[in-house]
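Derivation of every value follows stated rules applied to the coordinates shown; laboratory data play no part. Owing to the predicted nature of the structure, the values given are computational and were not obtained by experimental measurement. As a convention, Cβ positions derive from the backbone with ideal geometry for all residues, glycine included, and neighbour counts pool all protein chains shown.
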Amino acid sequence: MGEGGDFSRQFVLDAPMLARIRGRGFKTALDVGCGEGRFCRMLRDEGIEPVGIDPTQALIAKARERDPGGDYRIGRAEDLDVTTGSFDLVVSYLTLIDIADISSAAARFIDALRPGGTLLIANLTSFATANVDGWTTDADGNPRFYIDNYLEERAEWVSWCGIRICNWHRPLSRYMTLFLEHGLILRHFEEPAPCGGDPETADRYLRVPYLYLMEWQKPAT
């Protein structure tokens with residue numbers, strides 16, 4: 001996740017993400033899709049030793065520049081090469097929508113979790129990714145947010161900070177079924193309300209569910 005263009009999402013998610021981490025005794029973490037390493041640095045501030053992976057060389061270069069002592073690796077979640085059961089915590093912070101082969105990726109990062117470990121996810125809601133043309137104005141001048149083809153899994157190319165990324169819309173059931181099939185246990189789910197930030201953006205987040213956070217636990221045995 002980047003450090004500039006995604007600020008509006010960060011001000012909604014940073015606090016609840018950190019609240020799920022603090023005081024839990026996590027020692028090691030894997031940040032899948034770490035971008036420029038912002039959340040990895042936040043993990044280290046909490047006493048957790050992170051490894052960040054991202055497929056975009058320019059973002060990994062930025063992460064290494066900003067955090068020379070950090071462990072940042074170029075790689076795709078689908079091809080994750082880490083030791084089985086080597087992490088207490090796996091984090092996906094606004095990255096599930098960027099992964100094409102979500103089934104392979106999930107199998108890889110779930111395998112990376114130790115028994116009893118935690119998978120912490122922040123993602124765009126499937127309502128948001130099923131949106132048609134962003135916010136529009138109806139005939140009476142009222143702002144409206146339309147969704148369509150919710151159950152159809154599909155990709156859309158978007159540009160961000162000079163980088164072109166393929167974002168995937170999937171219904172929420174796709175993710176829920178995937179993690180349940182791996183035997184994970186859902187421990188927490190929330191759609192956090194904005195706290196601070198631009199008032200107009202915050203108002204839109206209150207009107208339309210845009211982001212969610214969920215925590216899954218890998219069975220201890």
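All other residues whose Cβ lies under 10 angstrom from that of residue 104 are scored, Lys and Arg at +1 and Asp and Glu at -1, for a net of -1. Taking GluC sites (Glu not before Pro) as exposed when their DSSP state is a loop state and no more than 15 other Cβ atoms lie within 10 Å, the longest site-free interval of the chain runs over 47-151.
Within the chain, antiparallel bridges make up roughly 55 percent of the DSSP beta bridges whose residues both belong there. Fully extending the segment from residue 181 to residue 18, taken as 0.36 nm per residue of separation minus the present Cα-Cα distance, adds 56.0 nm. Amide hydrogen proximity for residue 30: with H placed 1.01 Å from N in the peptide plane, the residues at 5 or more positions away or on another chain lying under 5 Å are 51, 89, 90, 91. Provide the net charge surrounding residue 119, with neighbours chosen by a C-beta distance below 9 Å and charges set as Lys +1, Arg +1, Asp -1, Glu -1. Cβ neighbours under 9 Å give a net charge of 0. Computed per residue of the chain from DSSP H runs no shorter than four, each worth -39500 (n - 2.57), the mean residue ellipticity at 222 nm is -8500 deg cm²/dmol.
Pick from 136, 83, 95: which residue has the top mean-square fluctuation in a GNM of the chain where Cα pairs under 10 Å get a spring? Residue with maximal mean-square fluctuation among 136, 83, 95: 136. Residue 83 sits among other residues whose Cβ lies under 11 Å from its own Cβ, and their net charge, with Lys and Arg +1 and Asp and Glu -1, is -1. The ranking of 103, 126 from fewest to most other beta carbons within 10 Å of each one's beta carbon is 103, 126. Computed from Cα positions, the angle between helix 102-112 and the longest principal axis of the chain comes to roughly 30 degrees.
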